[in-house]
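Here is the structure we will look at, set down as structure tokens.
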Protein chains: 4
Amino acid sequence: MTVKVAVAGATGYAGGELLRILLAHPHVEVGALTAASSAGTVLGQHQPHLGPLADRLVQDTTADTLAGHDVVFLALPHGHSGAIAAELGEGTVVIDLGADHRLTDSADWQRWYGGEHAGTWPYGLPELPGQREQLTRANRVAVPGCFPTGGSLALGPALAAGFVEPDVAVVAVTGTSGAGKSLKPHLLGAEVMGSASAYGVGGAHRHTPEFVQNLSVIAGERVAVSFTPVLAPMPRGILTTASAPLVGDTGVDTIRAAYEKAYADEPFVTLLPEGAWPTTGATVGSNRVLLQVAIDDDARRLVVVAALDNLTKGTAGAAVQSMNLALGLPETVGLPLTGVAP
Amino acid sequence: MTVKVAVAGATGYAGGELLRILLAHPHVEVGALTAASSAGTVLGQHQPHLGPLADRLVQDTTADTLAGHDVVFLALPHGHSGAIAAELGEGTVVIDLGADHRLTDSADWQRWYGGEHAGTWPYGLPELPGQREQLTRANRVAVPGCFPTGGSLALGPALAAGFVEPDVAVVAVTGTSGAGKSLKPHLLGAEVMGSASAYGVGGAHRHTPEFVQNLSVIAGERVAVSFTPVLAPMPRGILTTASAPLVGDTGVDTIRAAYEKAYADEPFVTLLPEGAWPTTGATVGSNRVLLQVAIDDDARRLVVVAALDNLTKGTAGAAVQSMNLALGLPETVGLPLTGVAP
Amino acid sequence: MTVKVAVAGATGYAGGELLRILLAHPHVEVGALTAASSAGTVLGQHQPHLGPLADRLVQDTTADTLAGHDVVFLALPHGHSGAIAAELGEGTVVIDLGADHRLTDSADWQRWYGGEHAGTWPYGLPELPGQREQLTRANRVAVPGCFPTGGSLALGPALAAGFVEPDVAVVAVTGTSGAGKSLKPHLLGAEVMGSASAYGVGGAHRHTPEFVQNLSVIAGERVAVSFTPVLAPMPRGILTTASAPLVGDTGVDTIRAAYEKAYADEPFVTLLPEGAWPTTGATVGSNRVLLQVAIDDDARRLVVVAALDNLTKGTAGAAVQSMNLALGLPETVGLPLTGVAP
Amino acid sequence: MTVKVAVAGATGYAGGELLRILLAHPHVEVGALTAASSAGTVLGQHQPHLGPLADRLVQDTTADTLAGHDVVFLALPHGHSGAIAAELGEGTVVIDLGADHRLTDSADWQRWYGGEHAGTWPYGLPELPGQREQLTRANRVAVPGCFPTGGSLALGPALAAGFVEPDVAVVAVTGTSGAGKSLKPHLLGAEVMGSASAYGVGGAHRHTPEFVQNLSVIAGERVAVSFTPVLAPMPRGILTTASAPLVGDTGVDTIRAAYEKAYADEPFVTLLPEGAWPTTGATVGSNRVLLQVAIDDDARRLVVVAALDNLTKGTAGAAVQSMNLALGLPETVGLPLTGVAP
């Protein structure tokens, strides 16, 4: 089986990572590559690491250029996917790496992003309860935000089991590729190297409602989420530290056992052995999430740490994982289980 | 006025930063430099950035080599300061950059560090209520840990005013010099660069009781502290994200006003203008702490972010600030108010 | 076809990269993993990025543990490969990632490494003239040093054509993984980040005779090589700047044409389009070398820049490329043509 | 003595470093701060590390705003200094951190920069033979380019003594602040971190004629310079590796002695002890240049390595050093001899 795949937004970081994975996927033929301002150039100018595609022409992002493919990935700024998707038929699998189709509540969309909500698609995090079924043979997929992926996997089992109160604090340290190739002064190398900074503090980051949405479904009640992203001097990676007040006196062994059970059959989520702590470096370029849990006895909180690559499991790897499910392929095919380290 | 100063532990990171500051201090003459295994070498081999001291001999750390100085700084591994200090007379100002004399509760010391507690000295964080008075003309000073400095300044005013519950969560991202020059595999450049990792999770970091001690005094009741340190790929800097549940419906303006008032006369603590967020890069090599506050309305938490240089305000700058007070000098003399950026 | 492969030195950086590649190789089954001081532990403690091998036991490096494999890779400190190899039969393909079998001149070996020379094996740089033939169906391979790989490919075509004098200057900027996992103070993250430094200056680096050997064979006369390695704050990558005085008035077009011809059929060596310059970032994790050439008209020198990943094409990728040739497999099978960027 | 100083281009990296130094200078009062597009904002938005100037208004760069100061520093893009300087009287010391007044040959200017040459001013590298005299009590100073500073100091003594042929190869690894705060894709943090790249290869960098000019004056004959800059993942620092063919059989001791003599009285240039090699990290924020020399016996080349901070001795520190001379102050006043490390 070979499917023909188009990538809209091929010159950005998400598009580049997607193409890196797709080039190694045994069932994929890379078709149209499109972008906005870079149309008319060759891909090698933008993605010099993708040798095999160096001479491929970048086309305009239009329904025409994207037509005739089995799968279309949309790696576009938010607000751009709805219109394009509407022009692609039901027979095309459309996978949106942007935010347009993630939220289930249109009011949330309007509050956080503004404008009209494009709609809600199956959510590309198969590790969430019930989600894998919705993704199987789906023709539309909304890829999760990179931050909610780590936070949802970190706290999901504890909330599902009622080990913690529905009141969580998340601080996630991210590499700078999460901000895309935007030409902003604070993203210049000289500013970034040797410095850490917080942003979107006080619940101002647009991924916050997605955290709330995922965790509330899991908990069966509304979960309050205080989320703070921190920019660190590394190109890739998210290290999530998520904590919540413990309910009762559940011990760490019980909690470990719940996490082990929750992820026992998940190929991409690993609870590390006791004593080992996740590093983002170990996940670079892989589709894995590494987890560890601890109980803070004095403060009576559960603390869970999760490491992942924001561009792989956080974006492009999740997109291909969902594509596999949508096409009825084995979920893991073409997805790296090893990181590139050091 | 010129005081003669000795530095024990001159070859480490804390010792090096201390000497950098002391070299620019108008009232200091640098005397004996001592170390353990490096005794007999010249300082230039260990601290090539300290040009003026390149040819100075490193001596053994003994009471003899440290005798005859007005001020002795001890930048030693914990457990080593008590014995040395006991041999230095009351007429000598002894400033301990290690942990030996920070904790007020001997049981805490035994639990977290083991062995017998060396005693409690005035705590070198003059910005804490009442502390400046204790440091003035003191002849013994315990320099705070780098993490509790950021966390205590970040949450102090809110706890003092009762704006938040005594139940705080702190995640602090630190540069790797905080771990010292220890030859450990996970501190190698290739491991560190491009990777973030958490450690001491679940309240296992030895700075935790110091957080609790500081914040409980401020709050007038025991404060629960969940503290997680995160190692990020940068040599210096700590970015602290501290949050706690809001009490009642205090607004952000009231909270800002309290922080402004608390730090109005503090030369080294700056609440940034609204909309500006602290970066550790702006504090490198300076004795400043940059703060910003936010309220998360949905999660009903106060979030405070603090940036500082772990080696300067976090260690060596605080030591010199305390020395100034101990000697009756103006508190700011010789201390940099500007960072080295980018 | 499936070959069973053992890796001696599995816990180091070269061993880790080798295993990363081997895990994705369609004809390889990973067998024994061995090390020295880490024997008895599991691989996950040392290589957390290699998920599928996390629970594999690390054994002692002995002829016994390595016996019974079709291919044995030796990623050992120099001086250790000869004895082990002597105990492995002729039917086993032995690929030495260390220096023991690279030099053709025993006097060179003694001068640069000391002790007795273990012998000379086919040299695992198939892109050098005549080398591919020697590697095909070989049962012993010496993998080149990471620096000579870049320098030899950068200057080979120019020296072969007589465009430059046999008197070259090479400065190569390297990531710190090239130094291995050695616990040395200057390799600590805090020392490395934000700093560049030269070492082995004045022709003191042990890769120098390998440069001379390769380039002299190509030039047909002894080539003088001034080689300076520079350590830069990045985990991986070598950027080689190689220059030599031009002979006569050969123009840049002629030189470009010679390089294009030389590498036209090489799957892993790419002369970039005019105006594009190699970045090591584009080669991370891939087996590619990116080249660009320029003429300095005023100084009358040819300048060639080459980028590669020191652990992939510079070590482990070259080893697998040679294994493919030794086994009669297609040369490119299992080797990544895409880098992991950004 | 207190001089009033204005800085044009106060929001860029050179301007920021200049202000950092000037704030610590005992004879300076910081006056007008000007910029182009940022006029009307406060400096704290652009230079958050300069606490004491956070609230200072940034004005337009005009002769009016710069008038009435004893010293005016121009940190402007090339081509902008001439017109401004012409409007400032002879009684004002004008120090140009840009390229406009560095070259002595107008034809060189036109070839490398285009447009009309603004003229030649005393060259702010007092360590060059005869230069200190020209700078003393000068009212116009051209601050050298960051690259030629390292290269000229590295090779000057050897060329002056005739130890090497006038045919040098220079590769200089630079931090990214050298490119300024330009919003260019290749300067984004995610592109820069983990990657090294060459640019301006083949003698295309505009600092090349300045190398040739400096070294030719020293050598007393035209020196051919092949110069290649390499961008490395660090905010600051230049590590220069400069080499040239040895003339005759001069030994390394003779050469060391010549360098020692040449720099014996230079406060900011240090020939390191034998066996120690320069690191840029040791020079961060200081006005020092660290040097080491080696002879490559096999290749018969002299290799000199120099480390400096491109923003300090490479730009702003050199500017203040020249100001001191121009004002008749001690040359070293206000200039840091210690770096900020690690």
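Rule-based calculations on the coordinates, nothing more; no lab input. Worth saying up front: this structure is predicted, and the values here are computed from it rather than measured. FYI the Cβ positions are ideal-geometry reconstructions off the backbone, even for glycines, and counts take in every protein chain you see.
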Least to most buried among C:191, C:221 (fewest other Cβ within 10 Å first): C:221, C:191
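Considering only DSSP beta bridges where both residues belong to segment B:147-308, give the percentage that are antiparallel (nearest 5).
On the way: 24 of 35 bridges.
Expressed as a percentage, antiparallel bridges in segment B:147-308 total about 70.
Calculated from DSSP H runs of 4 or more alone, at -39500 (n - 2.57) each and per residue, what is the 222 nm mean residue ellipticity of chain B, nearest 500?
Per the formula, -7000 deg cm²/dmol.
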For segment B:73-136: span of alpha carbons on each principal axis (Å, largest first): 30, 26, 17
Rounded Å value of the spacing that divides the Cα centres of segment C:77-120 and segment B:36-72: 45 Å
By average C-beta atoms within 10 angstrom, highest first, the peptides A:160-166, D:304-310: D:304-310, A:160-166
Residue of D:175, D:194, D:82 that the Gaussian network model of chain D assigns the largest fluctuation, springs spanning Cα pairs under 10 Å: D:194
Exercise: per-residue mean of other protein chain Cβ atoms within 10 Å, A:170-178: 6
Kirkwood hydrodynamic radius over Cα pairs of segment D:233-342, then Stokes diffusion coefficient at 37 °C and 0.692 mPa s, in µm²/s: 219 µm²/s
For q = 0.11, 0.12 Å⁻¹, Debye-computed log10 I/I(0) when each Cα of segment A:147-308 counts as one equal scatterer: -0.44, -0.52
Fraction in percent of alpha-carbon pairs per bin - 20 Å, chain B: 32, 59, 9, 0
Descending principal axes extents, segment D:162-249, alpha-carbon based, whole Å: 47, 24, 20
Within segment D:173-192, backbone nitrogen closer than 11 Å to the virtual label 7 Å beyond the Cα of residue A:37 toward Cβ: D:184-185
Neighbourhood charge, 15 Å Cβ-Cβ cut-off, centred on residue A:326 and excluding it, Lys, Arg +1 and Asp, Glu -1: -1
Pseudo-label separations to other copies for residue B:220 - Cα-to-Cβ vector, 7 Å, nm: 4.2, 8.4, 9.4
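Could you tell me what fraction of 2.2 N^0.38 Å the Cα radius of gyration of the protein assembly as shown comes to, as a two-decimal ratio?
0.90
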Among B:313, B:184, B:261, residue whose mean-square fluctuation peaks in a GNM of chain B (springs only between Cα atoms under 10 Å): B:184
Sparse-neighbour loop sites [GluC sites (Glu not before Pro); segment D:9-108; at most 10 other C-beta within 10 Å; DSSP]: D:90
Which listed pairs, of C:181/C:313; A:313/B:181; B:184/C:313; B:181/B:313, have C-alpha distances above 26 Å, in listed order: A:313/B:181; B:184/C:313
Net charge contributed by nearby residues that have their C-beta within less than 10 Å of residue A:70 (K/R +1, D/E -1): 0
Label spacing, shortest first and in nm, from residue A:133 to its equivalents in the remaining copies (7 angstrom along Cα→Cβ): 6.6, 6.8, 9.2
Semi-axis lengths (Å, descending) of the ellipsoid that matches the C-alpha gyration tensor of segment A:109-199: 29, 21, 14
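If you count the DSSP beta bridges with both ends in chain D, what percent of them are antiparallel, to the nearest 5?
Restricted to chain D, the bridges split so that about 45 percent are antiparallel.
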Of the chymotrypsin sites (Phe, Trp or Tyr not before Pro) in segment D:171-253, those whose Cβ has at most 14 other Cβ within 10 Å and which sit in DSSP loop: none
Two-decimal log10 I(q)/I(0) for segment D:225-292, as the Debye equation yields it once each C-alpha is a single scatterer, q = 0.20 Å⁻¹: -1.03
Shielding of B:220-228 by partner chains, average beta-carbon count, 10 Å: 4
Listed residues D:91, D:150, D:317, most fluctuating in chain D (Gaussian network, C-alpha, under 10 Å): D:91
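What's the FRET efficiency of residue D:4 with residue C:104 using the Cβ-Cβ distance as r and R₀ = 60 Å, to the nearest 0.05?
The pair residue D:4/residue C:104 has a calculated efficiency of 0.30.
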Antiparallel %, DSSP beta bridges [both residues in segment C:1-127], to 5: 5 percent
Chain lengthening between residue A:136 and residue A:184 when straightened (0.36 nm per residue, less Cα-Cα): 13.4 nm
For residues of A:240-247, the mean tally of beta carbons on other chains within 10 Å: 4
Cα centroid separation - segment A:298-342 against segment B:141-220, whole Å: 30 Å
